[in-house]
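Data first, discussion second: the structure below is written as structure tokens.
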Amino acid sequence: MINTSRIKKVGLSAKLGQTWRTIKRYKVLYLFLLPAVVWFFVFCYIPMGGLIMVAKDYSFVKGILASPWEEPWYKNFQLFFNMPELKNMVKNTVVIALLRLALFPAPIILAIMLNEVRNPVFKKIVQTISYFPFFISWVIVTSMLEQLLTPYGSGGPLYHMLQLLSGSDQVRYYMIDKPYFYPLVVITYLWKTIGWNSIVYLAAISNIDPSLFEAAEIDGCSRMRVIRKVILPHLKTPITLLFVMALGSIMSAGFEQIYFLQSPANYDYSNVLDVLVVKYGIEQGKYAIAAVAGLFQGVIGLIFIVIGNTVTKKTGGASLW
């Protein structure tokens, strides 16, 4: 009779041996990777132990371990799911997350367009300009918007331009009115992240074998055909992996941007789960409920990542695992 357990052990030891040989071979690259691994372990994995807070009557003085357990243990979950504003918060969060997801092709398009630029100086200038907004904090971005869109005094330059385009003399408060909240979120997010997110696609394009472009040129392919037949197939793997990871943010609208664009007038549109976590946790000291909200976001995001990864794996595409 075949000893299957022994075969499994031999197979596992062979895999471990191969992994160890790979690490030894690329030890310098793994050393560069080490700081990122340590960062994730310290700031992402160790704090997961604090999730027991969701089942405790947490006291800041006593700490997580010394705080008593809730009776019943799911009381904080009841408080969270019975919130009257929860339905609106989930709706707003999902809408903003989907709007961001709809912008996913934007950095891909920018990377392809930059690759088509033949003047290296102009290309570097455009790249630098597109990267720069990523390093501006949302506080400063919001302040800039307020100055550009203010209707007070002589009015901001962008305010006057929008008024001319609309052909209306009616005073509009673009920063606080409900109808303009989602467009502001989309436009500012796109402006801030499109350049930075295009880096990985530019790197992938630069790794394409130049002989493929030469062969396409000899065959008389147009630039659009080169993009379709050469560039996009080589971008399939990073596009798939990044899209699957983006699905994990389906229950996250981003805290800083929404928090600073939020006002009492647009609260019905800007009240999202990310802001709730901070308001309940930091402002009101209800850390356990904030932890439940964070856990809820994390679980839903994980489910979407698993589903997305499974679908791409079944269809023969790249997968995270």
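Nothing in this text is a laboratory measurement; each read-out follows from the coordinates by a stated rule. Everything numeric in this text was worked out from a predicted model, so none of it was measured. Cβ sites come from the backbone with ideal geometry, for glycine too, and all protein chains shown count toward neighbours.
Classify the stretch 29-117 as rounded, prolate or oblate from the Cα gyration tensor: take a ≥ b ≥ c as the square roots of its eigenvalues, call it rounded if a/c is under 1.5, otherwise prolate when a/b beats b/c and oblate if not. The shape class here is oblate. Here each label is just a point 7 Å from Cα along the line to Cβ, and for Ser13 and Trp191 those points are 6.3 nm apart.
Suppose every K and R has +1 on its Cβ and every D and E has -1 on its Cβ; what is the size of the dipole of the chain about the Cα centre, in Debye to the nearest 20? Kindly include the intermediate steps, with their values, before the conclusion.
On the way: 29 positive and 16 negative charges, 336 e Å.
That gives a dipole near 1620 debye.
Which residue, Met113, Met224, Met89, has the most motion in a Gaussian network model of the chain that connects Cα atoms within less than 10 Å? Highest fluctuation among the options: Met224. Using a/c under 1.5 as the rounded threshold, could you call the stretch 56-314 rounded, prolate or oblate? The axes a ≥ b ≥ c are square roots of the C-alpha gyration tensor eigenvalues, and prolate needs a/b larger than b/c, oblate otherwise. Because a/c hits 1.5 or more and a/b fails to exceed b/c, the stretch 56-314 counts as oblate. By the rule of a C-alpha distance below 16 Å, with chain neighbours fewer than 8 residues away ignored, the lysines paired with Lys62 are Lys286.
Farthest toward the positive end of the dipole of the chain, out of Val38, Leu114, Phe77, is the Cα of Val38, where the dipole comes from beta carbon charges about the Cα centre. Taking the Cα centre of each part, how many Å lie between the stretch 247-321 and the stretch 49-96? With the stretch 247-321 and the stretch 49-96 each reduced to a Cα centre, they are spaced 15 Å. In the elastic network of the chain, a GNM with C-alpha springs shorter than 10 Å, the most mobile of Ala66, Ala204, Ala215 is Ala215. Model label points for Ala36 and Val306, set 7 angstrom from Cα along the Cα-to-Cβ axis, are 2.5 nm apart.
Tell me the net charge near Ile307. Cut-off is 14 Å between Cβ atoms, Ile307 excluded, with +1 for each Lys or Arg and -1 for each Asp or Glu.
Values: positive: Lys313, Lys314; negative: none.
Spelling it out: positives minus negatives among the neighbours equals +2.
Out of all Cα-Cα pairs in the stretch 146-209, roughly what percent, to the nearest whole number, are more than 13 Å apart?
71
So, R0 is 56 Å and r is the distance between the beta-carbons of Ile199 and Asn82; what FRET efficiency does that work out to, to 0.05? So, using R0 = 56 Å, E works out to roughly 0.80. Listed from fewest to most Cβ neighbours within 10 Å, the set Cys221, Cys44 follows the order Cys44, Cys221. By other beta-carbon atoms within 10 Å, ranking Trp73, Trp138 with the fewest at the front produces Trp73, Trp138. Per-residue 3J(HN,Hα) values for the stretch 205-215, derived from phi via the Karplus relation 6.51 cos²θ - 1.76 cosθ + 1.60 with θ = phi - 60°, read 5, 5, 8, 6, 4, x, 5, 5, 5, 5, 5 Hz in sequence order (x marks Gly and Pro).
Which of Arg223, Arg118 comes first, and how do the rest follow, when ranked by fewest Cβ neighbours within 10 Å? Let's see the in-between values first.
Details: Arg223 12, Arg118 7.
Fewest to most other Cβ atoms nearby, the residues stand as Arg118, Arg223.
Taking amide H as placed 1.01 Å from N in the peptide plane, the amide H of Lys56 sits under 5 Å from that of Glu70, each at least 5 places away or on another chain. Working note: Karplus 6.51/-1.76/1.60 with θ = phi - 60° gives the stretch 66-76 the couplings 7, 5, x, 6, 5, 10, x, 5, 9, 4, 5 Hz, where Gly and Pro are set to x. For the stretch 93-142, a/c is not less than 1.5, where a ≥ b ≥ c are the root eigenvalues of the C-alpha gyration tensor, and a/b does not top b/c. That puts it in the oblate class.
R0 = 22 Å: FRET efficiency of Tyr267 with Ser143, Cβ-based, nearest 0.05?
Rounded to the nearest 0.05, the efficiency is 0.60.
Using the rule -39500 (n - 2.57) for each DSSP H run of four or more residues, divided by the residues of the chain, the 222 nm mean residue ellipticity is -20000 deg cm²/dmol. Between Ile258, Ile282, Ile96, the GNM of the chain built on Cα springs shorter than 10 angstrom shows Ile282 fluctuating the most. Backbone phi angles across the stretch 231-239, fed through the Karplus curve with coefficients 6.51, -1.76 and 1.60 (θ = phi - 60°), yield HN-Hα couplings of 6, 4, x, 7, 8, 4, 5, x, 4 Hz in residue order; Gly and Pro are listed as x.
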